[in-house]
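The values are calculated or read from the model by the stated rules, or taken from the named source; none is laboratory data. What you see is a predicted model; the values in this text were computed from it and never measured. Don't worry about glycine lacking a Cβ; one is built from the backbone with ideal geometry, like all the others, and counts go over all protein chains shown. Ligands, DNA and RNA are stripped out before the accessible areas are found, and what is left, the full protein with its side chains, is counted by its heavy atoms. Shrake-Rupley method; radii C 1.70, N 1.55, O 1.52, S 1.80 Å.
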Amino acid sequence: MGWPGSWFWAGDYDVAREVLQRGVAAVLVVAFLVVVRQWRPLLGERGLLPVAPYVARTSWREGPSVLRWRCSDRFVVGLGWCGVVLSVLLVVGLPQRGPWWVVMLAFLALWAVYLSVVNVGQRFYGFGWESLLCEVTFLVAFLGSSGDGAAPPLLVLLLARWCLFRVELGAGLIKIRGDRVWRDLTALYYHHETQPLPGPFSWHAHHLPRWWHRVEVAGNHVTQLVLPFAVFLPQPFASVAGGVVVLTQAWLVVTGNFAWLNWLTIVLGLAVVSDGSWAALGSWLLPALGSGSVPDGAGGAGGPPALAVVVLAVTALLLVLSVRPALNLVARRQLMNASFEPFRLVNAYGAFGSVSRRRDEVVLEGSTARSPGPDDWVEYAFPGKPGDVSRRPPQVAPYHLRLDWQMWFLALGSPGVRWFEVLLLRLLEADPATLRLLRADPFADDPTGTAPRWVRARLFRYRYTTRDERRRTGDWWVRRELAVLVEPVDLARLRSLLGRGV
């Protein structure tokens, strides 16, 4: 039997290990591609919120990061490409063919690099799914390797369920304790229209009958407040609970764009399903496959004693770190998306404790005219957020459009707008890196030059078209102007306001 015994090794979860390791690695591919493509314009040397000044005024204890040693654009982008390559190797399963410590070192390297980015990313990395990705990347490092014939450690799988439990229950509790629209079941009267980045089917979801919206909210409460406890039940009950989580998260994927939050939760939900449950499902769907026996795997054959020692030590550490997140779940003033230690190993999660009733959008415009009139302004189009009323909201998740998200917060009255002022400056400079964050440069083919003389910002109230308006106009949105946020400003004026160093 071997030490520490067959109870330690989960022979019925070979598929779960593959799902966790390859699924998390796939999300890491996307996350590191975002670093490669968006670091320079957002956080680089000429970014909207440069990292170097932030690093200078904060300490290692506040946010451990290798970027405190070096944060040049070339270095960070190089780290990003290394993360992409290593993550792709894990997706195809090459490190998993070796011993357990190879997989462990690969995931720990990815965790250290991504944590380094998150800990200096400021508001552009201030999302709950950043901490979630850090947590699960660290966790899956200790699942062992299929290459050495070992079964996955049961304790690590249980810690993955503990993570899923906090994601789902945290989101459910923050809703029921927060906005009354969750308690009176009317939240989805507004959510599909006012969420940060609607998707291609959000308009259709918004126009579903109101009775269905109320059923959805009630079902959400069951999924997030009751089912999380079921993931710790014996099989097949745990597998059923994991399957329900997957289905509800899939609906969120269809009706919105929440970066990789839903995809990571789907991975965690699938990891609850045992090999026996997969086989039973397969034999039910495809009887030709046979009796539905458990797929070939370690079958509880044990694993390397050295891995067992490491897992026991990591489990003890994570249990100690779980105390504050657990207490947060029962606290009257529950924190949403909080980390209690700088390594983001066990975190608190939650989403949409409040729901906006109206959708406001900041629209940026530029003009090349010396004295622009009403018809001389051209709108800057963003890749994800609403702008042109005739454009259908796109599907962008699991890719994360960080600037688009911050523009949504800006319209809500988000404090700290220096990054926005720098954005206006970069538009006046026609900065290539910044323009690549947009859907297109509206002045790229302008015969008078590629840089506008003026920029301005206007605030609009958006709403979905009704079914009748959509049939008549073909538009997805109706908008009306509320105010001018930033009066027309030119390059010289903006540089004088911002001062040197930009």
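Residues of region 399-429 that are within 14 Å of V502 (Cα to Cα) and either open to solvent by less than 20 Å² (accessible area, probe 1.4 Å) or among the hydrophobic types (A, V, I, L, M, F, W, C) (or both): W419, F420, V422, L423, L424, L425, R426, L427, L428. Put simply, of R493, R471, R479 the only residue that is more than 25 Å from S371 (Cα to Cα) and surrounded by fewer than 16 Cβ atoms within 10 Å (Cβ to Cβ) is R471. Looking only at region 206-251, residues that are among the acidic types (D, E) and over 24 Å from the mean Cα position of the chain (by Cα) come to 0 in all. Can you confirm whether E62 is closer than 19 Å to L423 by Cα and open to solvent by 50 Å² or more (accessible area, probe 1.4 Å)? For E62, the condition - closer than 19 Å to L423 by Cα and open to solvent by 50 Å² or more (accessible area, probe 1.4 Å) - is not met.
Yes/no matrix, rows are residues, columns are (1) among the aliphatic types (A, V, I, L, M); (2) closer than 20 Å to W263 by Cβ; (3) assigned to a helix (DSSP H, G or I); (4) open to solvent by 40 Å² or more (accessible area, probe 1.4 Å):
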| residue | (1), (2), (3), (4) |
| --- | --- |
| R22 | no, yes, yes, yes |
| V29 | yes, yes, yes, no |
| A56 | yes, no, yes, yes |
| R70 | no, no, no, yes |
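Restricting W278, W251 to residues that are surrounded by fewer than 22 Cβ atoms within 10 Å (Cβ to Cβ) and modelled with pLDDT of 95 or more narrows the list to W251.
Residue-by-condition table, conditions (1) outside any loop (DSSP other than H, G, I, E, B); (2) under 30 Å from W263 (Cα atoms); (3) among the small types (G, A, S):
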site: L403; (1), (2), (3): yes, yes, no
site: L410; (1), (2), (3): yes, yes, no
site: E421; (1), (2), (3): yes, no, no
site: R439; (1), (2), (3): no, yes, no
site: P442; (1), (2), (3): no, no, no
site: D446; (1), (2), (3): no, no, no
site: V455; (1), (2), (3): yes, no, no
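Taking the listed residues W101, W162, the one that is within 27 Å of N347 (Cα to Cα), under 22 Å from the mean Cα position of the chain (by Cα) and open to solvent by 40 Å² or more (accessible area, probe 1.4 Å) is W162, with no other qualifying. Restricted to region 358-387, and to residues there that are part of a loop (DSSP other than H, G, I, E, B) and among the acidic types (D, E), the residue that is least open to solvent (accessible area, probe 1.4 Å) is D376.
Could you check region 232-249 and list, in sequence order, the residues that are out of contact with any Lys or Arg (no Cβ under 9 Å at 6 or more places or on another chain), aliphatic (A, V, I, L, M) and more than 18 Å from G219 (Cβ to Cβ)? The one that is out of contact with any Lys or Arg (no Cβ under 9 Å at 6 or more places or on another chain), aliphatic (A, V, I, L, M) and more than 18 Å from G219 (Cβ to Cβ): L233.
Here's a check for you: in region 345-357, which residue that is touching a Phe, Trp or Tyr at 6+ places or on another chain (Cβ under 8 Å) and not hydrophobic (A, V, I, L, M, F, W, C) is surrounded by the fewest Cβ atoms within 10 Å (Cβ to Cβ)? Here the answer is R357.
For R453, are the conditions met, namely being within 26 Å of R392 (Cβ to Cβ) and not aromatic (F, W, Y)? No, not satisfied. Among the residues of region 38-51, not a single one is in a helix (DSSP H, G or I), at pLDDT 95 or above and surrounded by fewer than 21 Cβ atoms within 10 Å (Cβ to Cβ).
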